[in-house]
1. Give the relative contact order (percent, whole number) for chain A; include only Cα pairs under 8 Å separated by 6+ residues.
2. At 0.36 nm per residue, minus the direct Cα-Cα distance, what do residue B:20 and residue B:236 gain on full extension? Give it in nm, one decimal, please.
3. Rounded to a whole number of µm²/s, how large is the Stokes-Einstein D of region B:55-150 at 4 °C and 1.567 mPa s, given Rh as the Kirkwood radius over C-alpha pairs?
4. Using the crude model of +1 on Lys and Arg Cβ and -1 on Asp and Glu Cβ, and no other charge, please compute the dipole size for the protein assembly as shown relative to its Cα centre, in debye to 20.
5. Pop out the Kirkwood hydrodynamic radius of region B:25-308 from its pairwise C-alpha distances, inverse of mean 1/r, in Å to one decimal.
6. Per residue of chain A, what 222 nm ellipticity follows from adding -39500 (n - 2.57) for every DSSP H run with n ≥ 4, rounded to the nearest 500?
7. How many percent of the accessible area of the protein assembly as shown is carbon or sulfur, using a 1.4 Å probe?
8. Could you tell me the total accessible area buried at the B-A interface, probe 1.4 Å, in square angstrom to the nearest hundred?
Amino acid sequence: MRYAMAIDTKKCVGCSDCVVACQTENNVPIGYCRDWVTETVAGSYPNVEIELRTERCNHCDNSPCVRCCPTGASHIVDGGVVLVTPEECIGCGACIQSCPYDARYSHPDGYVDKCTFCNHRVIRGEQPACVAVCPTKCMYFGDLDDPNSDVSNALKNRKYKALAPEAGTKPHIFYLI
Amino acid sequence: MKEELFVSGREIPNIDPFLHIWHWQIPIYLFLGGLAAGILFFAALFTVIGKEKEMTATVKWGTFLVPGALVLGLLMLFLDLKHQMFFWRLYTTIRMDSPMSWGAWVLMIITPMSFLWVASYLKELVPEWKWKYKWIESLLEWVETNRRAIAWVMMALAVILGIYTGILLSAFNARPLWNNAILGPLFMVSGMSTGVATVMWMSKSHSERRILGSIDLLLIIVELFFITHMFMGMRAGSEVMIQAADLFLGGQFTVSFWVFVIILGLVFPAILEVLELIGYKIPIAIPVILILVGGLVFRFIMVEAGQITRYLY
Ligand code: SF4
Ligand code: SF4
């Protein structure tokens, strides 16, 4: 099993509902967030292109954040999901330095926090909060090893890219372009 | 390809400014670790080759600084942690892949060892010194009879500690400035140079100073060579590496790096040491202080600058 997400940059309108849904679902402290939306404008009038992307931890296969963790607080669970155990984290910040996507932050309580792919929901068979709430349904979540999952289907029919693949971490958030 | 005009990136006021997660504690920690590694390495080296009589400052008195430096370094590491109550978690596991884990464990072994080393020479410094407990006496007797063997172990640990201060940074692929294999050896050589310089300052014997002066000169030359090597490697690398190198070759760290680290911290003291070796009288404090300050500034700059460099997407 390998969980992944495909995000349709042509459908995203940048409403940030996913950000708020995550904050609510995961009790993210006010002013912090585990996912965020970026906007890239390229070209000049009349040939302008805008790309909106909702970004989060890529749950990398080759995850430097797990390897550099001195305590084992950062670890990988079933489905390739990268998690942090707060009671094991010493807050050394090594994993924050190691992430090419700046997907981690220092929680006000001291430990390091990040996207969990809503593991608590997924094991109940639900979708991650951000995916469930998206008004344009631009996110597809599921098991890459299952050829009929939402994410596999989305990737089958469209061109897609991953962010900074040259960082070599094997990211698992794909952007349909 | 269209040129990107504008990237909003992210603006999370509570997160983005704090991704510079390492502040003054880490460079000081790296500096103290390197200094301690340098002093211990040469103390062990000259013990192993049987030069305790000629090199008293190197083998004995210099090491009296080490326990203090290491304890202060560990305190810095502790201050840097954000979840401090759980710091003992470092010592419930060993993670081969994590430089932070290596460092924590090496420090845990080398710090008590340096205490023993110093304690075993305390009686030579203060002849009337008496240990309160019998077991300390017998432990120190054991150290004295096995000093050679201990020196070998200490030498190996000092090398690991010295290299570790660089690898702690170089292991981060996400920070292109740090991510090069020469950083470990570079930090080790720089740490050794600060250690040798400090001992040189403490030494009262002319011949010992000469030997240490030539060693330090050699270390500085190797260091300059490694720095050149590092920049050449980055200039030949990918876009993010070139941008990282440009921070020092025209970018915001150019002046501080070239003036305080290269010229004042390496080249100028090297010239003074050469002058000293060919017979001019130079107050030893000048090159030593320059080397120490240069080493500290070097670590501050590397830690700061590295955290600016990142992958672009
Ligand atoms: S995106 Fe960052 S935090 Fe997430 S798995 Fe990859 S390296 Fe780790
Ligand atoms: S901050 Fe926590 S999760 Fe991150 S590397 Fe350190 S101990 Fe591991």
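The values are calculated or read from the model by the stated rules, or taken from the named source; none is laboratory data. None of the values given here were measured: they were computed from a predicted structure. Cβ sites come from the backbone with ideal geometry, for glycine too, and all protein chains shown count toward neighbours. The protein model used for the area step is the full one, side chains on, heavy atoms only, and it has no ligands, DNA or RNA in it. Shrake-Rupley method; radii C 1.70, N 1.55, O 1.52, S 1.80 Å.
1. 32
2. Details: separation 216, 0.36 × 216 = 77.76 nm, distance 2.66 nm.
Stretched out fully, the residue B:20 to residue B:236 stretch lengthens by 75.1 nm.
3. 84
4. The calculation lands at about 760 debye.
5. For region B:25-308, the Kirkwood estimate is 19.7 Å.
6. On the way: 6 runs with 35 residues, N = 177.
Per the formula, -4500 deg cm²/dmol.
7. After summing per-atom areas, the C and S share lands at 65 percent.
8. So the buried area, both faces added, is about 3900 Å².
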